[in-house]
Amino acid sequence: MKTVHVNVSRGYDVRIGQGLLQDCGRAIRSVTDASAAFIISDENVFVPYGRTVMERLQGAGFLVDHYVFPHGEQSKNLRVWGDILEAMCAAQVTRSDVVVALGGGVPGDMAGFAAAAYQRGVDFVQLPTTLLAAVDSSVGGKTAVDLKGGKNLAGAFHQPLLVLCDTDTFRTLPDRELTSGFAEVIKYAVLEDGLFSALDPVPSGEALEDVIARCVSIKNDYVSADEFDRGCRALLNLGHTVGHAAEACSGYRLLHGEAVAMGLAAIARASAVRGICSAETADRIVALLQRYNLPTEIPFSVPELRREMLRDKKRSGSELNLIVPEAIGRCRTETVPVGDLDAWLRDGGVS
Ligand SMILES: NC(=O)c1ccc[n+]([C@@H]2O[C@H](COP(=O)([O-])OP(=O)(O)OC[C@H]3O[C@@H](n4cnc5c(N)ncnc54)[C@H](O)[C@@H]3O)[C@@H](O)[C@H]2O)c1
């Protein structure tokens, strides 16, 4: 098992290893005196893992209740979030109880935001069951739901008490979801030197645990320096500005990581054309994405992408901040006037 400590205002451990769900009751008991635990999950995850988590929590002396919603991004909305809060109220969850998020980024974001809002804030624990949630969404305290106008537009910063990533759960994860998670892993490998070479061959078993721990540790570097995302944490958006636009253009049929892969490839190519990085750097990034069978061509037009990019919540007036690679292990922010976006997208290989 690997442990990474996240150094934020109220720090916490991220534990990564096999079989951690089997011991989750004791682990959660070690960080809280709560008398009740309220599990929030989706049905894809709750069916194989809910019973174990409930039994282990009961075994550690918690009264246990749960709320399970239909899987997928289409559930990440205010209606389901309201239903969760009502269910917590009906179950008489109190401020001193603990919420347990069991699943990928969708249950994690929803449960985190419910925990942030319920009675003005209750503690929560993350049990990520996707690679994406393990390396990204379960760590750092960003919680949110989508609004009709866009993704993650309502939310709060609320750090978990503990993150337990049981890598055994990846065995039931569909291949496409696992592959999608590797796009975020590759993003970290472009941000920080050293990880890139660990990704070929594709890691599994203990090597995958190492890679997850390194990603979490990189995320910790940015989150601990900028907990509320007002500065350097923006670098974690590498590949995401174009990626989010591609995801929206697809009507959310693309998985998040697939869209991020397209965004990473486009920004790497555009950076090479503009002399920000070498052609070799861009080629290495694109080749690694392709090694993981991730998509590197964007099937949408420049006007379609531009329209979505202008909705980006990080746009400030007539400028957009793009994160660009200068080399493997060195990225920076490039402020781009909205009028230059089309040229950037064309340089990124979008037609
Ligand atoms: N809060 C953050 O910092 C942050 C960062 C990145 C992404 N996100 C959010 O995360 C979400 C994407 O996360 P995701 O890809 O984990 O999505 P997800 O939670 O929808 O999981 C993907 C699919 O895999 C299924 N699944 C999950 N674990 C499984 C398992 N072990 N076995 C079988 N099936 C399983 C789910 O039911 C779902 O169908 C997006 O909403 C995105 O906005 C948040």
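The values are calculated or read from the model by the stated rules, or taken from the named source; none is laboratory data. For clarity, every value in this text was computed on a predicted model and none was experimentally measured. Quick reminder, even Gly has a Cβ in these numbers, built from the backbone with ideal geometry, and neighbours come from all protein chains shown. SASA here: full protein model, heavy atoms, side chains in, ligands and nucleic acids out. Shrake-Rupley method; radii C 1.70, N 1.55, O 1.52, S 1.80 Å.
Structure values in brief
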{"item": "For the range 208-267 and the range 19-47, distance of Cα centres in Å", "result": "27 Å"}
{"item": "Projected area averaged over orientations for the chain, convex hull of C-alpha atoms, nm²", "result": "15.6 nm²"}
{"item": "Gyration tensor verdict on the range 183-276 (Cα atoms; rounded if a/c is under 1.5, prolate if a/b is larger than b/c, oblate otherwise)", "result": "rounded"}
{"item": "Point-charge dipole on Cβ atoms (K/R +1, D/E -1) for the chain, about Cα centre, debye to 20", "result": "540 debye"}
{"item": "Net charge contributed by nearby residues that have their C-beta within less than 10 Å of Gly25 (K/R +1, D/E -1)", "result": "+1"}
{"item": "Spatial separation of Cα centroids for the range 135-152 and the range 315-338, in angstrom", "result": "21 Å"}
{"item": "On Cα atoms only, tilt of 279-291 relative to the major axis of the chain in degrees", "result": "40 degrees"}
{"item": "Rounded tilt (10° steps) of 205-225 against the dominant C-alpha axis of the chain", "result": "80 degrees"}
{"item": "Radius 13 Å from Cβ of Ser138, net charge of other residues (Lys, Arg +1; Asp, Glu -1)", "result": "-2"}
{"item": "Mean separation of Cα contacts under 8 Å (6+ apart) over length of the chain, as relative contact order %", "result": "15 percent"}
{"item": "Nearest-ten-degree value, helix 78-90 long axis tilted from longest Cα axis of the chain", "result": "20 degrees"}
{"item": "For the range 288-351, convex hull of alpha carbons as volume per residue, Å³", "result": "109 Å³"}
{"item": "Whole-Å semi-axes of the ellipsoid equivalent to the range 64-214 (Cα gyration tensor, √5λ, descending)", "result": "29, 15, 14"}
{"item": "Whole-percent carbon and sulfur share, accessible surface of the range 138-236, 1.4 Å", "result": "49 percent"}
{"item": "Three-way shape call for the range 1-156 based on the alpha-carbon gyration tensor, with the a/c threshold at 1.5", "result": "rounded"}
{"item": "Gyration tensor (alpha-carbon) shape descriptor, the range 227-347, a/c threshold 1.5", "result": "rounded"}
{"item": "Å² per residue, accessible surface of the chain at 1.4 Å", "result": "41 Å²"}
{"item": "Dipole magnitude of the range 227-347 about its Cα centre (Cβ charges: Lys, Arg +1; Asp, Glu -1), debye to nearest 20", "result": "160 debye"}
{"item": "Antiparallel bridges, percent of DSSP beta bridges restricted to the range 2-173 (to nearest 5)", "result": "30 percent"}
